Amino acid sequence: MRHSVYRQAGKRIVDISIVLATLPVVLPLILCVSLLVRCQLGRPVLFRQQRPGRRGKPFTLYKFRTMSDQKNLHGETLSDEERLTRWGRFLRSTSLDELPELWNVLRGDMSLVGPRPLLTKYLELYTPEQCRRHGVRPGLTGWAQVNGRNNVDWDQKFRYDVWYVDHFGLWLDVKILLRTLLTVGRRENISAQNHATAPEFRGRTEGLVRETRPSPEGIAVIGAGGHAKVVIATLEDAGLNVTGLYDDNPRLWGQSIAGVPVVGPVGALASQIGCRAVIGVGDIPARKKLARQLDLDWVSVIHPRAYVHPSVQLGRGTVVFAGAVIQPEARVGAHAIVNTAASIDHDCSLGDFVHIGPGAHLAGSVQAGAGVFFGVGSCAIPGVSIGENTLVGAGAVVTRSLPASAVAVGTPARVLRYRDLLAKAA
Ligand SMILES: CC(C)(COP(=O)(O)OP(=O)(O)OC[C@H]1O[C@@H](n2cnc3c(N)ncnc32)[C@H](O)[C@@H]1OP(=O)(O)O)[C@@H](O)C(=O)NCCC(=O)NCCS
């Protein structure tokens, strides 16, 4: 099966086929475990909880109950450790408690393989990169689970999840399912050391402490101009370590911009395939050229004081500055810039390399093609669409759809001229 076919439809078909094929064995097992849970722990037999699914959409996850409802003398619920009975431990160590999730798979809430569905309260704690784990249906088992299960820390687990989202295919899924059977068979790595259950994820504040120390995992910034200064501030405020700046202006080499050294020309990064980087250049054609030239691990970054709804899809290399707001179901392509205090309302769909200038506001369902630039303080009314590479001038109000490659200014925005993109590219 071709990779893309599997990613679009095949995975769902394979999920349903496997669940149906295993039902003759699994159903009697489910019945037995239900009876035992009923006798050992009482009612309800099933544990139900809202969890975020694909694109953060909530669904009800079903599991067998493993904990009692025991309370202390003051009527307070006991700790997880105390409520987890021997029988519950057995269910967890054999992963039998997960069996009801097969129903979630049949319903389409989950897949057999995917990032584990975690608690809803974690949604707002993810970095944009970590949030990409919600790009696929959550899974019964996943790449993180077969690579250490609960014994790897959250950052590493999320890195595995995001890697899976970028690379999954039929053979990877088969490999993960087989490795899961082996892991479960050996009853390995079920709970993190010293915890009855996995420790709570506390989000960026943890990352802040850990990631500010210099580490080979730091992020390179391409460009050393004014825009790069804001990108550096965004990365640092998000608790990420900037390793160095790369710029083709030799006069900048050896200098320090916003406290970060300019290491050398952009070409120096060409050999560092897979290095984590972000482009700190505001000019759109220049950003396109750099993204095409370099094969790096582009990270997307959201300033901790920006608001991005968990359902938002952000492309790789996109940077969201302080005070910006991106509302539910909006999509922003790769290497885009959402500048200081800009807002993008629900259901907007913006292409790669767009630049939403400082204080620009896009109302709901605005569409903008790749390379569209919104000048400082400009805005667009709901539902308009703007063709590729069009520049909306500072303060303009877009009330009607605009063609591609135009420069539009004023209120209402009118085309001033068309852009000579070929001259700019040269
Ligand atoms: C739209 C823009 C690109 C036009 O630049 P330009 O092609 O160099 O055009 P000019 O400055 O020669 O102006 C041409 C005419 O348009 C008018 N004009 C230019 N920008 C305008 C704007 N934003 N709103 C209204 N009129 C504008 C000029 O006054 C001039 O009018 P005139 O011929 O009657 O004198 C530029 O003015 C602009 O708004 N850039 C956005 C900058 C920005 O927001 N940067 C954010 C960085 S993060």
Subset of segment 378-406 [crowded, with 18+ Cβ neighbours inside 10 Å, within 13 Å of HIS361 (Cβ to Cβ) and more than 10 Å from the ligand (Cβ to nearest atom)]: CYS379, ALA380, VAL384, VAL398
Flag if VAL332 is over 21 Å from GLY223 (Cβ atoms) and away from the ligand (no atom under 16 Å from the Cβ): no
Report, by residue number, each residue of segment 63-107 that is at pLDDT 85 or above and either at positive phi or in contact with an Asp or Glu (Cβ under 7 Å, 6 or more places away or on another chain) (or both). LYS63, PHE64, THR66, LEU91, SER95, VAL105
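The rows are residues; the columns are (1) touching a residue at least 40 places away in the same chain (Cβ under 8 Å); (2) out of contact with any helix residue (DSSP H, G or I) (no Cβ under 6 Å at 6 or more places or on another chain); (3) among the basic types (Lys, Arg).
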site	(1), (2), (3)
TYR6	yes, no, no
ALA9	no, yes, no
ILE13	no, yes, no
LEU23	no, yes, no
ILE30	yes, yes, no
VAL33	yes, no, no
CYS39	no, yes, no
LYS57	yes, yes, yes
THR66	no, no, no
Of (1) buried (at least 16 other Cβ atoms within 10 Å of the Cβ); (2) at pLDDT below 85; (3) within 21 Å of the chain's Cα centre (by Cα), ALA220 satisfies all except one. Which? (2)
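The values are calculated or read from the model by the stated rules, or taken from the named source; none is laboratory data. Note that the coordinates shown come from a computational prediction; the quantities given were computed from them, not determined experimentally. All Cβ positions, even for glycine, are placed from backbone atoms using ideal geometry, and neighbour counts span all protein chains on display.
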